[in-house]
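Participant: Take a look at the following structure, please.
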Amino acid sequence: SALHFSHLQGFDFSLYAPYQGAGGWSPLNSNKYQWLEIKLEQRTEITAIATQGRYGSSDWLTRYLLMFSDTGHNWRPYRQEDSIGAFSGNSNADSVVMYKLQQPIIAQYIRILPLHWNPNGRIGLRLEAYGCQYKSDVVSFDGSAHLLFRPDPSVSLADRDVLSMNFKTLLNSGMLVHMEEHSGHSFTLELFRGKLLLQLRKGRGSSADFHPLVSLGSLLDDQHWHHIRVERIRGLVNFTVDKNTQQFQLPESWNSFHKISFGGTSASGLQKSHSRRNFHGCLENVLYNDISVIERAEEQQLSITVSGNVSFTCPESIDVPVTFASPGSFLALPWVSGGESASVSLQFRTWNRAGLLMTFDLQHNAGTLWLYLSEARARLQIHKTGRIMTDITAGASLNDGQWHSLELAVRRGRLAVTLDRTDSSTASTSFPVAPDSQLFLGGCPDTEGGSGCRNPFSVFQGCMRLIRTDGALVDLIRVQQMLFGNFSDLQMDMCGIVDRCSPSRCEHGGRCSQSWSTFHCNCSATGYSGATCHSSIYEASCEAYKHKGNTSGFYYIDMDGSGPIKPQLIYCNMSDKAWMVIQHNNTELTKLKASSGINQHLAHFNYSADAEQIQAIITQAEYCEQELSYHCKKSRLLNTPDGAPFSWWVGRSGEAHMYWGGAVPGSQQCACGLQENCVHPEHFCNCDADSKEWLNDSGLLSHKEHLPVRALAVGDINRSGSEAAYRVGPLQCYGDNNFWNAAYFNKETSYLHFPTFHGELSADISFLFKTSSSSGVFLENLGIKDFIRIELSSPTQVLFSFDVGNGPLEVKVETASALNDERWHHVRAERNVKEASLYVDHHPGTVQKAPADGHIHLQLNSQLFVGGTASRQKGFLGCIRSLKLNGKTLDLEERAEITPGVTPGCPGHCSSYGDLCQNHGSCVEDHSGFTCDCSLSPYTGTFCHKDVSAFFKPGTSVTYTFKEPYKLNRNVSAQSSSIYSDLTLRGENVSLSFRTSQAPALLLYVSSYYREFLAVLLNRNGHLDVKYKLQHNRDAEVFRASGRNLANGQLHRVSGFFSLEKHLRSTKVTILSPDCSCGGDIEISLKTQTQLFLIAESGEVDPEIARLNALGFTGCLSVVQFNSISPLKAALLYPDTSPVIVTGALSESSCGSSLPTNPYAAETTHSLADHVGTVGTGEPIVNAINSDSALIGGVIAVVIFVSLAALAVMARFLYRRKETFQPQEPKAEKNDDSPETPFNTDPNSQSIISDNQKEYFI
């Protein structure tokens, strides 16, 4: 082998020796322009490299680049992990540092470029490379030739084909391989704009087009060897370019190829291709099913046909590129005046949209010319004394990474800029345009004192080649040897451009764009976020949405978070359970009639979610069900007990099931057979009685492994008189086994361990925790050097730390409040090739950028520790819940059951989620979550958020009777005592909402047996008045509560507190309405001295009140509450268990809702694609239409109510006196959500007499 050194610089010891020997290489001057180059006898496969410092010295390299080449020019840097270009070197002169190359180098030349060395010494190196001989068969094509190979059909394998080869070229487009099979289908492997396209064409017709199947690689026109492998196994194809592989399925079955053309194809075959040209370059070691095609071509075997000029050598084109990689890079060339004409031409490639291409001062101080990229276009300006004398642009999309030619020409006062030989812009100048003395490319040197070149534009980052001045090619090797021109921070004889979007690091369909030094992912419309579109923006279940306070509606559900399953739009029915409702194409009752010649009806059901999504939903759910019903008239179902079934249904896995809804798997029964209550006991299904009357068999299928119903076969419908109808309801599931999966760590030394976490390029970790401890490690996973850890480092700080080979990196989030408050807190950490981020609850997150060109692979090999650590003593005390790593939930409960010091599950959720219960609803603990008790609220719904409203017209009334308080006996329970304590308050809280256009109108009325009353009404001007009479021997008084017209058809909310103590009687009324600009409180004082009385049956009614009552009330009343009693809610939802008397028709309405009603409430549809509205992570699609309105709820249609226009419950007059009590029968047990909960329902407690009572009129 031969040895070359940097030519200009001398060296102290020029002996190349193995690293065990003495001596070494050390140049005279230690700077970044030195290199050590080794020429091998032939192309060699190099598998490892070892370095050592210079013997007996302080000279060694600490960091270096490894370059390789086939020609000694056009060098290519070796990259580790596709991002690391530099190798770490030695720390002393004696130790040996060896690297086994992940991908072997195949080259004849290698070069070492020192980057850093011992600061107390100089550059010093002993080097040894390891490898073996490399066998190479090559063939070159000139762009018009090709080889046609016809495989022997007797040895071809029908199920498998393998094609592998290497190629190199300087042109970015051309057809490499064209393969045809007997049916006329064909594959093509085509280089187009530097990428490889694998394409498919069906048929031989001229109209058949190529359809791209997959694209791989980028910048493949760099005159370096690239490897291709195409492997077909039946219909599955693995396509590999260099180190990247994609797999895809062929659209139909294929046979082996009967002819393969290399280097291109005939002219007619090129017409439908992208490049429309044959390949110009070299192929190497072409193997088809282990047959060497090039060897057979050289031997001129009959199976090979050569067309055109084909050579079995690979001529090398010596192009010397130069790389402008840093902000300080520039190339300065001297200029010799050539008269009135001048020209500069070059080729460049870059990813940046802006950057200086060239600049020079004009002769005779005529100004300065700047030619630069702006918005990916070439722009030329001539500046003189702050003015722009000339401004022209040319080209477009010049930041695509392709080579573009640029020519600047000046002839006889005309200036021309030409891009890619076609796009040209010209301008006329009144002064000569010629460089004065120097031409600067890519940038210009910093100057002191404000003189000389000052670049007002961005620097150019990219590659240039074929630089010509006045037609003469610039010898960049002489520039590199400092024999011509000047330069700074250039990478000579190489193009260091890297395509950071190939392969794309953007996940889940994110669109990748890039600049010279980084890439960016556009995650819009993907459903994912983050630097690489890794983390889902959606929740994993309806359960998770519910516990964020969301109500029923359509939501995107992402079952596996950052995993491969796509988000799906699903309806969440938030009742006591969070139901996920998955619709299909026919949830309506479908009727069938007898039809001659048709023995069976087969129905298939297509769901709104795909099979993978449905399986994930069912697996994760706690319970799933699907209604299956069959209505029959002389149509048998399962033909029980002894016959063959006439009907069956097909489940998720494609198997047929012979049991019906409500029965158990394998029973071949219906629900009535299981319950032994069929109409005819000798049968196991009602329909099997073959009755001429309509019967039905209905029930729920709930065996999760069999759901959903994919198809239904109905058989007994071909007889005369046979009729049937079936219904398959939507799939419904509730519960989230992952969301509540938790473990409690009660010892600092306790932990759970799991298999190694694999998150090499992207890792996201999320979990919830609660603790009273001030610190502790949540999880940790170690490698040989790498690690990842998340811990609570202090009561107000969460720390995310890791090392991927660049040194430890920490990301911290500080919170204003302590996190050890025994409330659930959410932690989300993510690490990818661009950055690391950490978020805790809704506090501002922290993002830390990854080092540029650093290590990117996280390599772990130990077990994953949760709740503890292998490297520290202090573990975590408290609860960890819903721990997900890259979208997969770890089963903490399963491990906790067999681990000492750890308990499965973790109670106590109301401390964190209790605030979700609105409008005085109370939180009730559940094993897996919580529920909201709305019994003390005028609202209903999952979170006590849904208003209860009715629309009134004259003619309907509701009377609510209040029982009086009494002294409790000693044997009355504490629960009863707490219930009745509310009735001895000295003040009354009243609230309601109303909407009306009527004035005058009576809204509220309370009366007593002693003719005292209090009324809230709208006068003839629509103003809110309070009329009261608190002593029977005094006249009524009126207080004006509002001076605005409230009879405007808008919704108004009125709340009041009435204090009616003997010495201080005051009323505080708050009115909230859309037209109220202040929303303030109105406080009135009732100064009249009054004695308080018990409220009893109404006596005579005040004449004004009676007149308003006779007018009736037309409008809406909603969410009416008197202290803890909700009379309107009781009348509408619990009329049978509440002390209410309803006269006339009364039903619930949505008139009290502040949201617009849904115009499609009564309509149904089966297509989720038809839904309209806005989808977000927090808000449902409120306008969405759904077929199953009973399950989904939708928006309740407006129903007109009629009622007496008097709502009486504004104040209750408290009066304490002894009464005579009589026993009374207890009421029936009420629903937990019933507004009657405050009243005594205990049969062992005392009751209230019935003749002393107060009434609430609606």
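The values are calculated or read from the model by the stated rules, or taken from the named source; none is laboratory data. Predicted model only: the values in this text are computed from it and were never measured. In this analysis, Cβ positions are derived from the backbone assuming ideal geometry, glycine residues included, and neighbour counts consider all displayed protein chains. Ligands, DNA and RNA are stripped out before the accessible areas are found, and what is left, the full protein with its side chains, is counted by its heavy atoms. Shrake-Rupley method; radii C 1.70, N 1.55, O 1.52, S 1.80 Å.
Participant: Residues being in a strand (DSSP E or B) and either among the polar types (S, T, N, Q) or within 24 Å of residue 845 (Cα to Cα) (or both): count how many of those fall in the range 733-773. Outline the logic, then answer.
Facilitator: If we filter the range 733-773 for residues that are in a strand (DSSP E or B), which is where we start, we get 733-734, 742-745, 752-754, 763-770.
Still in the list and also either among the polar types (S, T, N, Q) or within 24 Å of residue 845 (Cα to Cα) (or both): 763-770.
Number of matching residues: 8.
Participant: Oh, and also: Go over the candidates 832, 861, 886 one by one and state the one that is buried (at least 17 other Cβ atoms within 10 Å of the Cβ) and farther than 23 Å from residue 741 by Cα. Don't jump to the end; show me each part of the working.
Facilitator: On the way: 861 fails: buried (at least 17 other Cβ atoms within 10 Å of the Cβ); 886 fails: farther than 23 Å from residue 741 by Cα.
832 is the lone residue from the list that is buried (at least 17 other Cβ atoms within 10 Å of the Cβ) and farther than 23 Å from residue 741 by Cα.
Participant: Here is a check on your reading of the model: is residue 677 of a type in the set (S, T, N, Q), surrounded by fewer than 16 Cβ atoms within 10 Å (Cβ to Cβ), at pLDDT 90 or above and farther than 21 Å from residue 587 by Cα? Lay out the reasoning, then the answer.
Facilitator: On the way: of a type in the set (S, T, N, Q): yes; surrounded by fewer than 16 Cβ atoms within 10 Å (Cβ to Cβ): yes; at pLDDT 90 or above: yes; farther than 21 Å from residue 587 by Cα: yes.
Here the answer is yes, as residue 677 does meet what is asked.
Participant: I'd like the full set of residues that are open to solvent by 30 Å² or more (accessible area, probe 1.4 Å) and closer than 30 Å to residue 489 by Cα, limited to the range 115-133. Give the steps one after another, and end with the answer.
Facilitator: Quick first cut of the range 115-133, residues open to solvent by 30 Å² or more (accessible area, probe 1.4 Å) only: 115-117, 119-120, 122, 128-133.
Once the filter is applied, which keeps residues that are open to solvent by 30 Å² or more (accessible area, probe 1.4 Å) and closer than 30 Å to residue 489 by Cα, the range 115-133 yields 115, 116, 117, 119, 120, 122, 128, 129.
Participant: Answer yes or no: is there a residue in the range 623-642 that is modelled with pLDDT of 90 or more and more than 30 Å from residue 690 (Cα to Cα).
Facilitator: yes
Participant: Right, here's the next one. Does residue 278 qualify as being at pLDDT 75 or above and either surrounded by 18 or more Cβ atoms within 10 Å (Cβ to Cβ) or aromatic (Phe, Trp, Tyr) (or both)? Show your work before the answer.
Facilitator: On the way: at pLDDT 75 or above: yes; either surrounded by 18 or more Cβ atoms within 10 Å (Cβ to Cβ) or aromatic (Phe, Trp, Tyr) (or both): yes.
Answer is yes for this residue.
Participant: What residue, among those in the range 362-405 that are within 37 Å of the chain's Cα centre (by Cα) and among the charged types (D, E, K, R), is farthest from residue 221 (Cα to Cα)?
Facilitator: Among residues in the range 362-405 that are within 37 Å of the chain's Cα centre (by Cα) and among the charged types (D, E, K, R), the one farthest from residue 221 (Cα to Cα) is 375.
Participant: Additional query: Please specify each residue of the range 774-799 satisfying the condition of being surrounded by fewer than 16 Cβ atoms within 10 Å (Cβ to Cβ) and in a loop (DSSP other than H, G, I, E, B).
Facilitator: Answer for the range 774-799, where residues must be surrounded by fewer than 16 Cβ atoms within 10 Å (Cβ to Cβ) and in a loop (DSSP other than H, G, I, E, B): 774, 784, 785.
Participant: Looking only at the range 1125-1137, which residues are open to solvent by less than 10 Å² (accessible area, probe 1.4 Å) and in a loop (DSSP other than H, G, I, E, B)?
Facilitator: 1126
Participant: If you go through the range 333-360 one residue at a time, how many are surrounded by fewer than 20 Cβ atoms within 10 Å (Cβ to Cβ) and not polar (S, T, N, Q)?
Facilitator: Applying the first criterion (surrounded by fewer than 20 Cβ atoms within 10 Å (Cβ to Cβ)) to the range 333-360 yields 334-341, 343, 345, 347, 352-354.
Filter again for not polar (S, T, N, Q), leaving 334-336, 338-340, 353-354.
Here the count works out to 8.
Participant: Within the range 1024-1034, work out how many residues are at pLDDT below 75 and touching a Lys or Arg at 6+ places or on another chain (Cβ under 8 Å).
Facilitator: Looking only at that region, the number is 2.
Participant: Quick check, is residue 85 touching a residue at least 24 places away in the same chain (Cβ under 8 Å) and more than 43 Å from the chain's Cα centre (by Cα)? Break it down into steps so the answer makes sense when it comes.
Facilitator: On the way: touching a residue at least 24 places away in the same chain (Cβ under 8 Å): yes; more than 43 Å from the chain's Cα centre (by Cα): no.
No, not satisfied.
Participant: Name every residue in the range 414-425 that is assigned to a strand (DSSP E or B) and either in contact (Cβ under 8 Å) with a residue 60 or more places away in the chain or touching a Ser or Thr at 6+ places or on another chain (Cβ under 9 Å) (or both), in order of residue number.
Facilitator: Here is the first cut: in the range 414-425, the ones assigned to a strand (DSSP E or B) are 414-419, 423-425.
Result: 414, 415, 416, 417, 418, 419, 424, 425.
Participant: Taking residue 915 and the conditions (1) open to solvent by 20 Å² or more (accessible area, probe 1.4 Å); (2) under 23 Å from residue 831 (Cα atoms); (3) outside any loop (DSSP other than H, G, I, E, B), which numbered condition does it fall short on, given that it satisfies the others?
Facilitator: (2)
Participant: List, please: which pairs have Cβ atoms under 6 Å, are six or more places apart or on different chains, and start with a residue in the range 313-338 that is under 21 Å from residue 72 (Cβ atoms) and end with one that is assigned to a loop (DSSP other than H, G, I, E, B) and open to solvent by less than 20 Å² (accessible area, probe 1.4 Å)?
Facilitator: So the pair list comes out as 320/493; 323/496.
Participant: Being outside any strand (DSSP E or B), open to solvent by 20 Å² or more (accessible area, probe 1.4 Å) and closer than 24 Å to residue 493 by Cβ is the filter here; which residues of the range 79-114 pass it?
Facilitator: Those that are outside any strand (DSSP E or B), open to solvent by 20 Å² or more (accessible area, probe 1.4 Å) and closer than 24 Å to residue 493 by Cβ: 79, 82.
Participant: For the condition modelled with pLDDT of 90 or more, part of a loop (DSSP other than H, G, I, E, B) and out of contact with any helix residue (DSSP H, G or I) (no Cβ under 8 Å at 6 or more places or on another chain), what is the one hit in 526, 551? Even if it seems obvious, please write down each step before you answer.
Facilitator: On the way: 551 fails: modelled with pLDDT of 90 or more.
None of the other options fit; the residue is 526.
Participant: May I pose another question? Is it true that some residue in the range 452-468 is modelled with pLDDT of 90 or more, within 28 Å of residue 382 (Cα to Cα) and loosely packed, with under 15 Cβ neighbours inside 10 Å?
Facilitator: yes
Participant: If I ask for residues that are more than 46 Å from the chain's Cα centre (by Cα) and among the small types (Gly, Ala, Ser), which ones from the range 333-361 would you list? Walk me through how you get there before you give the answer.
Facilitator: From the range 333-361, those more than 46 Å from the chain's Cα centre (by Cα) are 333-345, 359-361; that's our starting set.
Answer for the range 333-361, where residues must be more than 46 Å from the chain's Cα centre (by Cα) and among the small types (Gly, Ala, Ser): 337, 338, 339, 341, 342, 343, 345.
Participant: Residues being more than 14 Å from residue 1120 (Cβ to Cβ) and surrounded by 24 or more Cβ atoms within 10 Å (Cβ to Cβ): count how many of those fall in the range 918-941.
Facilitator: 3
Participant: Follow-up. Where in the range 1035-1124 are there strands (runs of 3 or more DSSP E), lying wholly inside it, with at least 1 residues that are among the charged types (D, E, K, R), within 27 Å of residue 934 (Cα to Cα) and modelled with pLDDT of 80 or more? Give the derivation first.
Facilitator: Working: elements: 1037-1040, 1052-1060, 1065-1072, 1081-1085, 1115-1122.
Because the criterion is at least 1 residues that are among the charged types (D, E, K, R), within 27 Å of residue 934 (Cα to Cα) and modelled with pLDDT of 80 or more, the strands (runs of 3 or more DSSP E) in the range 1035-1124 that meet it are 1052-1060.
Participant: Another question about this same structure. Only one residue in 295, 299, 284 is surrounded by fewer than 14 Cβ atoms within 10 Å (Cβ to Cβ) and charged (D, E, K, R), so which one is that? Please lay out each step first, then the result.
Facilitator: Details: 295 fails: surrounded by fewer than 14 Cβ atoms within 10 Å (Cβ to Cβ); 284 fails: surrounded by fewer than 14 Cβ atoms within 10 Å (Cβ to Cβ).
The match here is 299.
Participant: Then there's this: Identify, from the list 592, 602, the residue that is touching a His at 6+ places or on another chain (Cβ under 8 Å), part of a strand (DSSP E or B) and touching a residue at least 60 places away in the same chain (Cβ under 8 Å).
Facilitator: Working: 602 fails: touching a His at 6+ places or on another chain (Cβ under 8 Å).
Being touching a His at 6+ places or on another chain (Cβ under 8 Å), part of a strand (DSSP E or B) and touching a residue at least 60 places away in the same chain (Cβ under 8 Å) holds for just one of 592, 602, which is 592.
Participant: Among the numbered criteria (1) under 30 Å from residue 738 (Cα atoms); (2) buried (at least 21 other Cβ atoms within 10 Å of the Cβ), which one does residue 665 miss?
Facilitator: For residue 665, the failing item is (2).
Participant: Name the single residue, out of those in the range 225-247 being outside any strand (DSSP E or B) and of a type outside the set (A, V, I, L, M, F, W, C), that is least open to solvent (accessible area, probe 1.4 Å). Explain how you work it out, then say what you get.
Facilitator: Just the residues of the range 225-247 that are outside any strand (DSSP E or B), to begin with: 225, 234-235, 242-243.
Subsequent filtering for residues that are of a type outside the set (A, V, I, L, M, F, W, C) retains 234-235, 242-243.
Working: 234: 149, 235: 16, 242: 58, 243: 94 Å².
Only one residue fits best here, namely 235.
Participant: Would you pick out the residues in the range 783-813 that are among the hydrophobic types (A, V, I, L, M, F, W, C) and over 28 Å from the mean Cα position of the chain (by Cα)?
Facilitator: Within the range 783-813, 784 is the sole residue that qualifies.
Participant: While we're looking at this one, here's another question. Considering only the range 426-440, state which residues are open to solvent by 70 Å² or more (accessible area, probe 1.4 Å) and assigned to a strand (DSSP E or B).
Facilitator: The answer is 426, 428, 438.
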